[in-house]
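K.L.:
Next up is a structure, given as structure tokens.
Please treat every number below as a calculation from the coordinates, not as lab data. Only a predicted model underlies this, so the values are computations on that prediction, with no experimental measurement involved. All Cβ positions, glycine included, derive from the backbone under ideal geometry; neighbour counts span all protein chains shown.
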Amino acid sequence: MKKRNRIVDIHCHILPELDDGSGSMEESMEMLRIAVRSGITDIIATPHYRAGMRNPSPDTIRKRVREVRREAVKRGVDVNLYPGNEVRFFSELEDIPLSEKICTLNDSPYILIEFSPTDSYRLIRNALDEVLGMELVPVIAHVERYGCLLEDWKNVESLRTMGAQIQINASGVTGRAGIKARKLTGILLERQLVDYIGTDAHGSRSRTPDIRKLLKLLGRKYEDPYIEKILCGNAMKLLEPREL
């Protein structure tokens, strides 16, 4: 397995006590240790944002990122951490004051968007069109979870063609998310339709940021320049944000 200088995880619930991810600073530190042992060097923290729920503000997220960074430095855990959100799409998204409510991925024009597993292809397509109209780039979280995309991989291709970007979970590739998810992610990787792989980690005991199995599998099956792009290269534009 090739050692990589940099691996970026753009989807991780690692900030303590903000959502259903890490429950404490101690757990966040253990998640960071697991990530670093796996070769991850950069993490965009993406607590959930769901309309009608109690969501952390962007200021709270940035403050918590700073707190985790400081604690990591104290404990000698070498990893870069950035703010973000995983946003469950809702129809009033374009009507809210975005910068006051939601963190894009490291304050870039890229926004991590999720849907319900049962949402129709038409709904997803219309939603992404709306986000694009806001002059944002939608990154579709864990595409292997949506029934309408599992049924026909060409729907993923169409969404990418319209301007959306595609994120898959490591668990989808390794088989932990089921046979259907593994089949779809395999097709998308073969056809180079994936832009990012995320851990979507939620804890230090289950759904951890351990990607060692993923890296072995990718190294056996896919060309290195493409692996480099989806593990790091594509994400670099998120780590150097522009003005929203």
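K.L.:
At 10 °C and a viscosity of 1.306 mPa s, what translational diffusion coefficient does Stokes-Einstein give for the stretch 48-165, taking Rh as the Kirkwood radius over Cα pairs? Give it in µm²/s as a whole number. Don't skip to the answer; put the middle values down first.
P.N.:
Working: Rh = 15.5 Å.
Answer from the Stokes-Einstein relation: 103 µm²/s.
K.L.:
Is it possible to state the helix-based mean residue ellipticity at 222 nm for the chain, with each DSSP H run of 4+ residues giving -39500 (n - 2.57), the sum divided by total residues, to the nearest 500 deg cm²/dmol? What is it? List each step's numbers first, then the result.
P.N.:
Values: 11 runs with 99 residues, N = 244.
Helix-only estimate at 222 nm: -11500 deg cm²/dmol.
K.L.:
Taking the stretch 122-244, how many lysine pairs are there with alpha carbons less than 14 Å apart, if each pair must be eight or more places apart or span two chains? It would help to have the intermediate numbers written out before the result.
P.N.:
Working: Lys154/Lys183; Lys183/Lys221; Lys213/Lys221; Lys229/Lys237.
Going through the stretch 122-244 pair by pair, I get 4.
K.L.:
Provide the per-residue ³J(HN,Hα) series for the stretch 4-14, in order, calculated from phi with Karplus coefficients 6.51, -1.76, 1.60 and θ = phi - 60°, each as a whole number of Hz, with x at glycine and proline positions.
P.N.:
10, 5, 8, 9, 10, 9, 8, 9, 7, 9, 9
K.L.:
Okay, next question. How far is it, in nm, from the label point at Ser206 to the one at Arg37 when both lie 7 Å from their Cα along the line to the Cβ?
P.N.:
Spacing of the two 7 Å Cα→Cβ label points: 2.0 nm.
K.L.:
Can you give me the C-alpha center-to-center distance between the stretch 120-193 and the stretch 61-79, rounded to a whole angstrom?
P.N.:
32
K.L.:
Once R0 is set to 30 Å, what does the formula 1/(1 + (r/R0)^6) return for the Cβ-Cβ distance between Ile187 and Asn126, expressed as a FRET efficiency to the nearest 0.05? Could the numbers behind the result be given before it?
P.N.:
Values: r = 24 Å, r/R0 = 0.81.
Rounded to the nearest 0.05, the efficiency is 0.80.
K.L.:
Mind listing which chymotrypsin sites (Phe, Trp or Tyr not before Pro) in the stretch 141-205 are in a DSSP loop and have 12 or fewer other Cβ atoms within 10 Å? Can you show the working numbers first?
P.N.:
Details: sites: Tyr146, Trp153, Tyr196; in loops: Tyr146, Trp153.
Passing both the DSSP loop test and the Cβ count: no residue.
K.L.:
Still on this structure, I have one more. Run the quick spin-label model on Lys213 and Lys74: label points 7 Å from Cα toward the beta carbon, then report their separation in nm to one decimal.
P.N.:
According to this spin-label approximation, the distance is 3.4 nm.
K.L.:
Using 0.36 nm per residue, how much length does the chain from Met134 to Lys154 gain when fully extended, once their Cα-Cα distance is taken away?
P.N.:
Working: separation 20, 0.36 × 20 = 7.20 nm, distance 2.51 nm.
Using 0.36 nm per residue and subtracting the Cα-Cα distance, I get 4.7 nm.
K.L.:
Need the full-extension length gain, Arg220 to Ser24, defined as separation in residues times 0.36 nm minus the C-alpha distance. One decimal, nm.
P.N.:
Working: separation 196, 0.36 × 196 = 70.56 nm, distance 3.64 nm.
Full-extension gain reported as 66.9 nm.
K.L.:
Mind putting a number on the dipole of the stretch 8-234 about its Cα centre? Charges go on the C-beta only, +1 for Lys and Arg and -1 for Asp and Glu, and I need it in Debye to the nearest 20.
P.N.:
Values: 32 positive and 34 negative charges, 188 e Å.
Computed about the Cα centre, the dipole is about 900 debye.
K.L.:
So for the pair Met162, Glu67, with labels modelled 7 Å out along Cα→Cβ, what separation do we get in nm?
P.N.:
Label at Met162, label at Glu67, 3.9 nm between them.
K.L.:
Right, another one. Using a Cα-Cα cut-off of under 16 Å, which lysines could be cross-linked to Lys63, ignoring same-chain neighbours fewer than 8 residues away?
P.N.:
Lys101
K.L.:
Order of 124-137, 21-34 by packing, highest average Cβ count within 10 Å first? Don't jump to the answer; show the numbers that get you there.
P.N.:
Values: 124-137: 16.2, 21-34: 20.0.
Taking the mean over residues of other Cβ atoms within 10 Å, the ranking is 21-34, 124-137.
K.L.:
A follow-up question, please. Work out how much length Met236 to Met53 would gain on full extension: take 0.36 nm times their residue separation and subtract the Cα-Cα distance, in nm to one decimal. Working shown, then result.
P.N.:
On the way: separation 183, 0.36 × 183 = 65.88 nm, distance 3.13 nm.
62.7 nm is the gain from fully extending Met236 to Met53.
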